[in-house]
Amino acid sequence: MRMRRIKWAVDYLDQALCLVRKPEKYKGKWKQQLGCEKLHVEIGCGKGNYSLNMSKLYPQEGFIAVEKNESAAGITAKKYDEDNEKGKLSFIHGDAENIDEWFAEKEVDVIHLNFSDPWPKNRYAKRRLSSAKFLDSYKNILAKDGEIQMKTDNAKLFAFSLIEFQKAGFLMKEVDLDYRSEPHPEDVMTEYEEKFVANHQPIYRCVWIR
Ligand SMILES: C[S@@+](CC[C@H](N)C(=O)[O-])C[C@H]1O[C@@H](n2cnc3c(N)ncnc32)[C@H](O)[C@@H]1O
């Protein structure tokens, strides 16, 4: 779904403090930079609530949110800049296609894919964040026992992803077809997730180990 352009948000990006403007500069040094031993990367963070709230829940761990849409990025950046209670949190405005340039081999402990765009038409399947090319990059930057946690409301994207993960050689650790039917205080909800849960839609979740 294309987000409409929000001028103030796009303009805000120029002055955003939380934004890492040259992420490749920190390649291999993110843990040192954030002062953490465990590093999470959320790809396609939208308006940013997930990484922000997870960074508060796990103040010792580092979180890097990535978003390519400039309006969503501007909203996230302003939110992060204004929140004085955030944890170890950084933000990259960019396309995850470049993720290999930003992170070194085995640098990341957890990758989060939350309610990724489904790209339902087959001709756009390569844009899905759980498609083969992305999974190859994730495999490269994930630590030895690193994992990918994926949540979605979209059954077709979920089915597609299960096959892609398996083909790419990941090992399934968890799978859940109605994740929020049980309380999960250890994992906060994203903006999209809150809406789906309010509509009583099931949340599909899987966790894969490298
Ligand atoms: C459906 S929204 C979900 C937002 C948020 N994760 C949530 O659950 O509320 C998907 C987001 O992923 C972003 N996205 C899609 N492909 C991306 C890519 N290649 N790199 C970075 N962000 C991407 C989109 O711009 C959009 O903001």
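Values for this structure:
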quantity	calculated
Zero-based 10 Å bins, Cα pair distances in the stretch 9-75, whole percents	20, 50, 29, 1
Net dipole in debye of the stretch 127-210 [+1 Lys, Arg Cβ; -1 Asp, Glu Cβ; about Cα centre; nearest 20]	560 debye
Table column - 3J(HN,Hα) (Hz), the stretch 164-174, Karplus curve with 6.51, -1.76, 1.60, x for Gly and Pro	4, 4, 5, 4, 7, x, 6, 10, 6, 9, 9
26, 138, 58, 124 arranged by Cβ crowding within 10 Å, fewest neighbours leading	124, 58, 26, 138
For 191, 101, order by how many other beta-carbon atoms lie within 10 Å, fewest first	101, 191
Difference of contour (0.36 nm per residue) and Cα-Cα distance, residue 17 to residue 123	34.4 nm
Trypsin sites (Lys or Arg not before Pro) within the stretch 96-128: DSSP coil, no more than 13 neighbouring Cβ in 10 Å	121
Exposure proxy ranking, count of Cβ atoms within 10 Å, fewest first, for 182, 82	182, 82
Per residue Cα convex hull volume in Å³ - calculated over the chain	120 Å³
For the stretch 40-114: rounded, prolate or oblate by the Cα gyration tensor [a/c cutoff 1.5]	oblate
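Bear in mind these aren't lab numbers, they're just calculated from the coordinates by the rules spelled out. Owing to the predicted nature of the structure, the values given are computational and were not obtained by experimental measurement. Here the Cβ is made from the backbone with ideal geometry for all residues, glycine too, and neighbour counts use every protein chain on show.
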